[in-house]
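We did not get these values from a lab; they are worked out from the coordinates using the rules stated. In this text the structure is predicted, and so the values were computed from the model without any measurement. In this analysis, Cβ positions are derived from the backbone assuming ideal geometry, glycine residues included, and neighbour counts consider all displayed protein chains.
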Amino acid sequence: MNTGLVKQQPSSWHAGHGLREYRLVIHPDEAVYNKVMAVKQRFTNNYGVESALKAFPCIPVAGFYAGEGMEATLIRWIQRICSAQHNFNVILNNYSGFPEHTIYLRVQNAQPFRQLALQLKAIDDYVRLSGPQAANFNEPPYLSIASDLPEHVYNKAMPVYSKKMFHACFPANELVLLARDHPMASCKTITVFRFLPANHAAYSEVA
């Protein structure tokens, strides 16, 4: 199972070669954001893990390392991909986990994420010009509640959360590119790529 960037940290090789860590993510809307943050707060209260509150809710789509001089080309390629991608609804349904470190909300409708990742794999060969590590495409899609957990906390919490219910839905209207230069730094937004509205094709046909 691919755990994405949850446990991945930049190695000394990446730092020594001046590579930036990039992430492509989808953020929930305000209502779902608030609902997820309430879950994170309860997790922190129950298990004393402050790190659950430090990461903003998002669904990671892809992650990669690249030289900063490659950024403009990557942005153009991702923009081209997203400009042909229609928006879609994201359905979050109950909890699962990546043993022994992450508890997350399941994305019930994974197919749109798989299609988007398939399109984004076009950037993989370009990313490999920076070094040996390929782009990382997250499968299955998920929204983390708490990551980097001590094993004993995961083993205590997972049986509880596997029985809990959660359901929410929000529209995915855009893909956000984040970056950071150091593993201890916060990710900063580089740019936002908007998807096509669902009725775009209908308007085109009328026009």
### Query
Within the range 162-191, which trypsin sites (Lys or Arg not before Pro) sit in a loop by DSSP and count at most 12 neighbouring Cβ atoms inside 10 Å?
LYS163, LYS164
### Phi to ³J(HN,Hα) by Karplus 6.51 cos²θ - 1.76 cosθ + 1.60 over the range 143-150, Hz, x for Gly, Pro
10, 5, 8, 8, 10, 6, 6, x
### Task
Search the structure for amide H atoms under 5 Å from the amide H of ALA66, placed 1.01 Å from N in the peptide plane, and list their residues when 5 or more places away or on another chain.
ARG20, TYR22
## Note on the structure
Any residue on another chain or 5+ positions along whose placed amide H is under 5 Å from the amide H of ASN109 is listed here as ILE91
### Message
Based on Cα coordinates alone, diagonalise the gyration tensor for the range 16-102, multiply each eigenvalue by 5, take square roots, and list the semi-axes in whole Å, largest first.
### Response
30, 20, 11
### Message
I need the helices of the chain that pass two filters: whole DSSP H segments spanning 20 Å or more by Cα along the axis, and mean Kyte-Doolittle score no lower than -1.0.
### Response
30-47
### Task
Give, as a single signed number, the net charge of other residues whose beta carbon lies under 15 Å from the beta carbon of LEU175, with Lys and Arg counted +1 and Asp and Glu -1.
+4
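Could you please report the charge total around LEU92, scoring K, R as +1 and D, E as -1 over all other residues with beta-carbon less than 14 angstrom from its beta-carbon?
Result for the neighbourhood of LEU92: +3.
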### By average C-beta atoms within 10 angstrom, highest first, the peptides 36-42, 68-74
36-42, 68-74
### Task
Provide, for the chain, the number of lysine pairs with alpha carbons under 29 Å apart, each pair being eight or more places apart or on different chains.
24
### Task
Give the Rg/Rh ratio for the chain, taking Rg as the radius of gyration of the Cα atoms and Rh as the Kirkwood radius, to two decimals.
0.98
### Query
Under a point spin-label approximation (7 Å from Cα along Cα-to-Cβ), what is the GLN79-ASP124 distance to one decimal in nm?
2.5 nm
### Query
Given H placed on each backbone N at 1.01 Å, which residues far from VAL61 in sequence or on other chains put an amide H within less than 5 Å of it?
LEU24, VAL25, ILE26
#### Entry: Sequence-separation-based contact order of the range 20-206, relative, with Cα cut under 8 Å and 6+ spacing, percent
33 percent
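Summing -39500 (n - 2.57) over the DSSP H runs of n ≥ 4 in the chain and dividing by its residue number, what mean residue ellipticity at 222 nm do you reach, to the nearest 500 deg cm²/dmol?
Mean residue ellipticity, 222 nm, calculated: -9500 deg cm²/dmol.
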